[in-house]
Amino acid sequence: MSMFNESNFMCLQSLTLYRVRIKKSSVVKYISNLKSLKNLCVQALGEIHDLILMVICSNGLPELKSFECTNPEYETNVMFTWPRQTNIESLTVECILYSLSYLLLQTPKLKYLNIKLTNFGPEELTITALPIPMMINLIHLKMETHFISYNHLFDLMKSMPHLESVELSGSCMGKDLDNGHRLKELFGHLQTVELENLECLTSAKSVNTILATFNDDIDGFWSDVICSIKYDRAYLSAFGHAR
């Protein structure tokens, strides 16, 4: 980055950085001066708190519409700094459930959200720093879950009234996520739902017990259902669509 001169890129609209070490004194400093950026993709292996602070918390790139920030080594920390809300419409990021309200309050114009969401709290309650805001513009949600429960998903769906499609993968906690009837109650109002090898707790002793809850639906909401059981965990893939 020592040869990078931001003055030569002031009109740059798209930038992708792959496997970089994010430091406030280097990369973040340069990116913050690219005020015309509309698309930013950063796949980092270093600490990226300063980048999140600049882009989401401080709205340092006010023209930005698409932001992808993935970092396997550190969780994303978001602070609420209203009224500096962003104009981001497409977001790929990692977040803990407690901070999700901060993230969504900063991105009210989101239409597409791809999120790796981790919960460290109880399964019965959705504990967030602030109430989850209504995301009236969001139409597509792709989510990789870690220790997320049915109750958490229920609360999320209530905050996304115009959602059209969901892609769900990862691991879940608690009951009901191995049940096609209960999942239809959660997602049946959507145009499409895709479960991608979703790991969930089950008390079923047979795969057929689980499959029956998907296949006996008179509306035919679920199709292409695949299930396996290992110990007390079920692994589900399925496609759901409104008719």
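Please treat every number below as a calculation from the coordinates, not as lab data. It should be emphasised that the depicted structure is a prediction, and the values quoted were computed from it without experimental measurement. Backbone-built Cβ (ideal geometry, glycine too); neighbour counts: all protein chains shown.
Residue separation times 0.36 nm, minus the C-alpha to C-alpha distance between I127 and R233: what's the value?
35.7 nm
For H162 paired with L12, estimate the spin-label separation in nm (one decimal), with each label point 7 Å from Cα along the Cα-to-Cβ line.
Between H162 and L12, the label points sit 3.3 nm apart.
Between their Cα atoms, which of K116/K184; K29/K111; K29/K109; K109/K142; K158/K184; K109/K175 are more than 24 Å away from each other?
Among K116/K184; K29/K111; K29/K109; K109/K142; K158/K184; K109/K175, the Cα-Cα distance tops 24 Å for K29/K111; K29/K109; K109/K175.
In what sequence do I52, I210 fall when counting other Cβ within 10 Å, fewest first?
I210, I52
What is the list of residues in segment 116-135 whose amide nitrogen lies under 16 Å from a point 7 angstrom out from the Cα of D155, following Cα to Cβ?
Residues 117-135 fall inside that zone.
For the pair Y30/Q43, report the inter-label distance in nm, with labels modelled 7 Å from Cα in the Cβ direction.
Placing both labels 7 Å along Cα→Cβ, they lie 1.9 nm apart.
Arrange F67, F154 by Cβ neighbour counts within 10 Å, fewest through most, would you?
Ordered by Cβ neighbours within 10 Å, fewest first: F154, F67.
Explain nothing, just the number: dipole magnitude of the chain about its Cα centre with +1 on each Lys and Arg Cβ and -1 on each Asp and Glu Cβ, in debye rounded to the nearest 20. Could the numbers behind the result be given before it?
On the way: 21 positive and 26 negative charges, 174 e Å.
The dipole of the chain has a size of about 840 debye.
Using just the Cα positions, wrap the chain in a convex hull and report its mean projected area in square nanometres, one decimal place.
So the Cα hull casts an average projection of 13.7 nm².
Rounded to the nearest 5, what % of DSSP beta bridges with both residues in segment 14-241 are antiparallel?
25
Hey, rough spin-label estimate for F120 and S66, points 7 angstrom out along Cα→Cβ, what's it come to in nanometres?
Once both label points are built, they end up 3.3 nm from each other.
Would you kindly state how much longer the chain becomes between D224 and T209 on full extension, computed as 0.36 nm times their sequence separation minus their alpha carbon distance, in nm to one decimal?
3.8 nm
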